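Some notes on the structure that comes next.
The values are calculated or read from the model by the stated rules, or taken from the named source; none is laboratory data. If you're wondering where the values come from, they're calculated on a predicted model, not measured in any experiment. Here the Cβ positions follow ideal geometry from the backbone for every residue, glycine too, while neighbour counts run over all protein chains shown.
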Amino acid sequence: MSIPQEPPLQISISEHPSVGLLWAASTSQGLVFFSFGHSSDENLSLVSQTRGFNSKASIQPASENSASASAIRQVQEYLDGERQIFSLPIAWQLLTSFQGKVYRAVASIPYAQTRTYAQIAAQIGQPKAARAVGSANASNPLPIIIPCHRLVGADGSLRGYGGAG
């Protein structure tokens, strides 16, 4: 009996003057992780912890047309004020059903607007799940791309956003 192998992670790395290191990981299924401001070693640890990938998984530089390379380009454009909407393949199937619903709803928040955790909970058909939405948001593997920074508390204040990873 053979042990199933994890899909290889394709890694793209770049720097941006406003946030430092940009780091993206994808598989053939789509984008699985994005981070900014962390070292590559920290990112390998984060992708292992948050996405369940073994840090010894096959890692290879991303091709120019990979999801991770596209993510780096699009985030750079966003940070430079040239993009407001992301168009990237995301490996939704690697998320739980609840996370997928939350992240799709959060991704639908228009640029320069905010929503409360309760509004997202209602949008996904679980109006009593505002805290669970907050927990899912706290483990967002694709900050900026899935704009968790656009979620606010009921009083309009930023709550629990921890930045990259």
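Is at least one residue of region 96-103 closer than 29 Å to Gly20 by Cα and in a loop (DSSP other than H, G, I, E, B)? If you could, list the steps in order and put the result at the bottom.
Taking region 96-103 and keeping what is closer than 29 Å to Gly20 by Cα, we get 99-100, 102-103.
From the residues that got through so far, the ones that are in a loop (DSSP other than H, G, I, E, B) too are none.
No, region 96-103 has no match at all.
Total residues in region 104-138 satisfying the condition of being of a type in the set (Gly, Ala, Ser), closer than 16 Å to Leu158 by Cα and part of a loop (DSSP other than H, G, I, E, B): the figure is 1.
Does Ser35 meet the test of being closer than 22 Å to Ser139 by Cβ, modelled with pLDDT of 70 or more and part of a strand (DSSP E or B)?
yes
Is it the case that region 120-140 has a residue that's at pLDDT 95 or above, under 21 Å from Ile13 (Cβ atoms) and of a type outside the set (D, E, K, R)? Within region 120-140 (the criterion being at pLDDT 95 or above, under 21 Å from Ile13 (Cβ atoms) and of a type outside the set (D, E, K, R)), the answer is no, since none of the residues qualifies. Restricting the search to region 61-79, which residues are touching a strand residue (DSSP E or B) at 6+ places or on another chain (Cβ under 9 Å) and in a helix (DSSP H, G or I)? Selection gives Ala67, Ser68, Ala69, Ser70, Ala71, Ile72, Arg73, Val75, Gln76, Leu79. Checking Glu42, Glu82 one by one, the residue that is at pLDDT 65 or above, of a type in the set (Asp, Glu) and part of a helix (DSSP H, G or I) is Glu42 and no other.
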